[in-house]
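This report concerns only the one structure given below.
Computed from the coordinates by the stated procedures, all read-outs in this text should not be read as laboratory data. This structure is a prediction, so every number in the text was calculated from the model and none was measured. So basically every Cβ, Gly included, is an ideal-geometry build from the backbone, and we count neighbours across all protein chains shown.
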Amino acid sequence: MKRIMMFVLLLSLLAGTVFGAELPKLRVGYVPEPAHGLYFVAKEKGYFKEEGVDVELFQFGSAAEGLAALKAEKLDVGTFGTTAPLLFISKGSEFSFIGGMMIGGQAIITRPERLAELSGKDLKVYKGKKIGLVKLSTGDVIFKGALKKAGIDYRKDLNFVEFGTVAAVVEAVKKGAVDAGLVYPPHFSLAEKNYGLKVAHYIEDFYPDYTCCRIVAHTKQVNADRETYRKFLAALIRAYRFYKTNPDETVKIYTKALKIDEDIIRNETYVKRVAESNPDPLRKGILDFWKHIQDAGYITQDYPMDKHINTSIYKEALDAVIKKNPKDKTYQQMLTFYKKNN
Amino acid sequence: MARARLGTLLTASVLMLQMTVVAGSAAPVKPLRIGYLDHPGSALVLTAAAKNLFKSEGVQVRLIRYCDTESGLADLAKDRIDVGAFTVGETLLQIADGKGLRIIGGGGTVLAVDPADLDEAAKAEQESGGIVMMVAEGPRAPGKAVLTGLMTALIRAHQSLQKAPKAVRDRVVTQISLPVPDRSVHFEPSADYRRMERLWRSRDLQKEGMPRDFLATHLDEEIYCDALDRLVDRDGLKDELLKKLFSEAVCVPDCCPKDAKKKNKREGGLL
């Protein structure tokens with residue numbers, strides 16, 4: 001009887017250690033865009049807990065609000081575009097980029113009767129055109145970067161019209177107040193569906209693998225609790241594999257989380273592949289983005305942004321996942337991509 | 001005719017210095033107490049009150065005049081006023097001293113000398129006498145919606161002043177404080193971070209051990225950006241001055257659908 005009692009006691013102690021131990025918590029902020037879906041996949045499939053981190057997701061209605069919450073330490077990590085964290089860091093916020101969430105995704109929309117005029121693979125078709133945009137949005141910064149790379153003087157050769165919201169850009173295109181507009185998902189799909197507008201180009205046609213929404217966290221927290229952030233990124237790396245290999249279930253998870261039309265999500269994510277949900281930090285892309293913001297004259301002061309990019313935690317997470325799955329093709333592709341872009 | 005009325009309206013507002021500008025509603029709503037320095041740079045506040053712009057933006061206000069910034073900031077700290085319109089130089093000094101102040105917008109700066117004729121130090125000195133809008137930090141501070149309404153009214157006051165003939169503008173600013181001949185006032189409703197940072201550095205306020213974002217933590221540009229967005233949403237960008245302000249502002253871009261709200265598990269939201 002004594003032996004049985006001891007066994008039961010031992011079992012309960014073990015259970016307490018293995019199952020009852022509190023996982024480290026991370027409060028994660030995001031904005032509702034389809035390409036931010038890796039968070040939902042990792043949560044739904046239990047990857048965060050399997051990797052040893054308890055994640056609570058918080059949705060924000062604007063990048064500014066989300067980053068303010070991060071700055072106030074109401075969040076531990078978040079994904080709020082690329083411009084917003086760069087602006088905050090340039091003003092002294094001690095944030096670090098530790099990963100990514102979305103690559104590409106911006107499109108140039110126009111009215112159907114203008115589509116032929118804007119077709120082709122040369123950015124010169126936009127010379128002399130009036131383009132609507134949301135200032136400092138990823139589309140604005142990257143499109144100007146692409147024009148510059150193509151040797152086009154966008155200040156002289158194009159006429160940009162700034163709007164406060166992407167909805168106002170769509171409206172201006174619809175009314176013919178501008179020749180084309182730069183918009184992001186799911187707005188161009190909605191503009192096509194609701195107003196019959198057409199996508200003339202995806203900006204990625206001219207600027208492959210450009211950075212969009214990045215994962216940022218407090219530098220001091222990242223340094224103090226590196227292991228928790230590594231686990232968090234490992235879960236996202238596994239979520240990426242799931243997203244690449246399980247389209248149907250991924251679409252359902254995204255749809256449930258974002259309450260956006262399932263067809264739009266499927267179309268953007270797997271048919272037209274307008275953006276990729278990729279957790280790679282894309283260091284080179286962040287530095288390019290920062291340079292384009294400066295070139296456009298939005299921020300004239302220089303700042304050593306590179307010291308706010310931490311790629312090593314992501315690399316450690318990727319290495320750990322690969323070690324467990326050495327023959328997995330998706331993880332090997334992620335490693336190749338990492339080496340190219342960081 | 002409408003422009004000519006501006007000076008008269010402002011005169012009335014200056015004479016009724018401790019007036020309360022409230023909506024006709026019977027519901028007792030505590031007005032926002034705005035302390036302002038008797039200074040030409042406060043003209044945006046007085047113009048907004050005189051032209052009922054605060055009221056039309058849903059903000060009830062009571063204006064309280066101060067003869068010096070120190071008294072105003074002291075009253076802000078003691079919760080005797082909710083918002084201040086005081087000099088930027090003194091405000092930055094107090095922020096550097098650890099006072100819980102948050103700058104939310106700009107005002108006017110008297111340009112006694114053309115900035116082009118001044119060296120950097122003299123330019124910063126002249127700029128330090130300009131007006132900025134601020135609140136005290138902490139739970140007593142007015143909410144974001146109220147402050148956005150306030151800033152919207154101030155931007156509209158700026159539009160109104162800039163559209164008025166120079167003679168009317170001059171009359172407005174000289175009625176606020178002692179008239180100084182041949183001066184001009186530059187109005188800038190934004191508390192642009194880069195401008196504040198320039199002043200901060202020129203006055204050597206960044207001390208050793210201060211976090212790099214110390215100044216940014218005491219500056220809330222989002223209020224001004226939200227106010228601009230509100231006006232652009234409402235009126236479009238037909239107005240050239242609004243277009244210019246919008247183009248100059250460095251705001252975090254809109255990212256999300258209009259109806260995107262904060263949600264989390266506790267609120268019955270996602271996952």
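Residue exposure proxy: A:T269, A:T211, ordered by other Cβ atoms within 10 angstrom of their Cβ from fewest to most, comes out as A:T269, A:T211. Each of B:R80 and A:Y195 was given a label point 7 Å from its Cα along the Cα-to-Cβ line. The distance between the two points is 5.4 nm.
Over the stretch A:107-205, Cα pairs under 8 Å with separation of 6+ residues give a relative contact order of 47 percent. Sorting the segments A:54-61, A:334-341 by their residues' average number of neighbouring beta-carbon atoms within 10 angstrom, most packed first, yields A:54-61, A:334-341. Per-residue shielding of A:88-95, expressed as the average number of other chain Cβ atoms within 10 Å of the residue Cβ, stands at 5.
Going from the residue with the fewest nearby Cβ atoms within 10 Å to the one with the most, A:L115, B:L228 rank A:L115, B:L228.
Helix A:247-258 against the longest principal axis of chain A: what's the angle in degrees, Cα atoms only, rounded to the nearest 10? It is inclined by approximately 80 degrees. Secondary structure note: in the protein assembly as shown, about 60% of the DSSP beta bridges are antiparallel.
Would you mind ranking A:T138, A:T300 so that the residue whose beta carbon has the fewest other beta carbons within 10 Å leads the list?
Neighbour counts put them in this order, fewest first: A:T300, A:T138.
Using the Cβ-Cβ distance between A:E316 and B:K207 with R0 set to 41 Å, the FRET efficiency from 1/(1 + (r/R0)^6) comes to roughly 0.65.
The length gained on full extension between A:K327 and A:K130, counted as 0.36 nm times the residue separation minus their Cα-Cα distance, comes to 65.9 nm. When the Gaussian network model of chain A links Cα atoms closer than 10 Å, the mean-square fluctuations of A:A84, A:A35, A:A72 top out at A:A72.
Compute the signed sum of charges (Lys and Arg +1, Asp and Glu -1) over the other residues within less than 10 Å, Cβ to Cβ, of B:L215. Here the count lands on +1. Which FRET efficiency value, to the nearest 0.05, do you get for B:L118 and B:R140 by plugging their Cβ-Cβ distance into 1/(1 + (r/R0)^6) with R0 = 35 Å? With a Förster radius of 35 Å, E is 0.35. Counting, for every residue in A:161-174, the Cβ atoms of other protein chains within 10 Å of its Cβ and taking the mean gives 4.
Candidate cross-link partners of A:K130 among the aspartates and glutamates, defined by an alpha-carbon separation under 19 Å and a same-chain spacing of 8 or more, comprise A:E113, A:E117, A:D122, A:D140, A:D153, A:D157, A:E162, A:E171, A:D179, B:D239, B:E240. Extending 7 Å from Cα along the Cβ direction at A:A224 and again at B:R234 yields two label points whose distance is 4.3 nm. Of all DSSP beta bridges confined to chain A, the antiparallel ones make up roughly 55%.
Taking Cα atoms only, the orientation of helix A:312-324 departs from the longest principal axis of chain A by about 60 degrees.
Against the main long axis of the alpha-carbon atoms of chain A, helix A:2-18 sits at an angle near 20°. With a Förster radius of 45 Å applied to the C-beta separation of A:K149 and B:E70, the computed FRET efficiency comes to 0.25.
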